[in-house]
Amino acid sequence: MKRALFYKKIKNKTLQCRLCPRFCILKENELGKCKVRKNMGGILYSLSYEQPVAMHIDPIEKKPLYHFLPGTTSFSIGMAGCNLCCTFCQNWEISQKGPEEIPVPNVRSKEIIKEALKNDCPSISYTYSEPLISYEYVLECSKLARKNKMKNVIVSNGFTNPEPLKKIIPFIDAVNIDVKGDDKFYREITGAWLEPVLESLKLYKKNGVWIEVTNLLIPGKNDSQKQIKWLVDWIAKNLGKDTPVHFSAFWPTHKLQDVPSTTLKTLKKAREIGMKKLNYVYTGNLPDEDGNNTYCPSCKEVLIKRMGFKVMENNIKNGKCKCGKKIAGVWV
């Protein structure tokens, strides 16, 4: 464990964590909502420091990031815990448990970098659960990665306060933020609220971080055309029409076992709505060739052809289509 950043003492040995918008008030020996940050003797500690519960080499497309170093692999790590409690979480076995419940060997940040370099990964992704509740470890790894000329990717719920984001953003190259639905959906299904997520996205955008957005469509919960149109309009206005958006299919899991899977028809309709305002809209978790490929917004030619997470063909040269149209993204 490591002494945590972003907290203040209130009185006696009671603390307030200031990492995320929950602002948890913690008495001695209490854990935050995330199950990661703990008041020990009047000092806040991160229990997930050097404690990755998952380490894998993934295609960058799995994050999903389609306009960031396509066809490359990313050394991906995840720690236990999360500051949301989504009833549909696909990684609930690690997100809804604390580090003390999943004992693992310590892995120092320099070992993460060493493994990434050994496996020719040009980036490190902090993913699987909410990475920024393990802030100190992610910050340390991202600084060391940058020194070794690797890029850093955050796959996040976006539920983080501005001050911590401002400190780590200089070391982050790309993010995928899961915007889960409207505020009503957040409060009923995730135990959080929407506004801090939108503010985080605007802060990443302001600081030049490459952004892609994911929206998991759950039947009867957040898949109405009204909600999809709201999200598309917000992204177009606040992040720009070149921001890639991924509409993904839900599969029954965790506490939503009784909800049916998302249909391909729903995904295709969401993409159709998105393409009216945005240049790059994708579908995920179900086979859909049109929704998996990247097309030039000008001449409509296939730029990147994908099969699942694998890039089969990449026709982008020097960041442009052969017609001369500049294609938004970070290219190899």
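General observations
- Computed per residue of the chain from DSSP H runs no shorter than four, each worth -39500 (n - 2.57), the mean residue ellipticity at 222 nm is -6500 deg cm²/dmol.
- Formal net charge of residues neighbouring residue 145 (Cβ-Cβ distance under 13 Å; K, R +1; D, E -1): +3
- Peptides ranked, highest mean first, by Cβ atoms within 10 Å: ranges 204-214, 39-49: 39-49, 204-214
- Between helix 264-275 and the chain there is an angle of about 80 degrees, using the helix long axis and the longest principal axis of the Cα atoms.
- If you take all other residues with their beta carbon under 9 Å from the beta carbon of residue 288, and give Lys and Arg +1 and Asp and Glu -1, the sum is 0.
- Sorting 322-331, 123-132, 277-286, 19-28 by their mean Cβ neighbour count within 10 Å, with the most densely packed peptide first, gives 123-132, 277-286, 19-28, 322-331.
- Computed over neighbours whose Cβ is under 12 Å from that of residue 108, the net charge equals -1, Lys and Arg +1, Asp and Glu -1.
- The chain: angle of helix 109-118 to the longest principal axis, Cα-based, in degrees nearest 10: 30 degrees
- Using alpha carbons only: equivalent-ellipsoid semi-axes of the stretch 259-332, gyration tensor based, whole Å: 24, 14, 9
- Between 0 and 90°, nearest 10: helix 195-206 axis offset from the chain longest Cα axis: 70 degrees
- Above-threshold pairs, the threshold being 26 Å between Cα atoms, out of 166/229; 2/167; 27/63: 166/229; 27/63
- Restricting the calculation to alpha carbons of the stretch 145-233 gives Rg and Dmax of 14.3, 46 angstrom.
- With all projection directions averaged, the alpha carbon convex hull of the chain covers 16.1 nm².
- The Cα atoms of the stretch 187-280 define a convex hull whose projected area, averaged across directions, is 6.3 nm².
- Gyration tensor verdict on the stretch 2-46 (Cα atoms; rounded if a/c is under 1.5, prolate if a/b is larger than b/c, oblate otherwise): rounded
- Relative contact order %, the stretch 2-46, counting alpha carbon pairs below 8 Å whose residues are six or more apart: 36 percent
We did not get these values from a lab; they are worked out from the coordinates using the rules stated. Quantities reported herein were computed from a predicted structural model and do not represent experimental measurements. Virtual Cβ from ideal backbone geometry, glycine too; neighbours counted across all protein chains shown.
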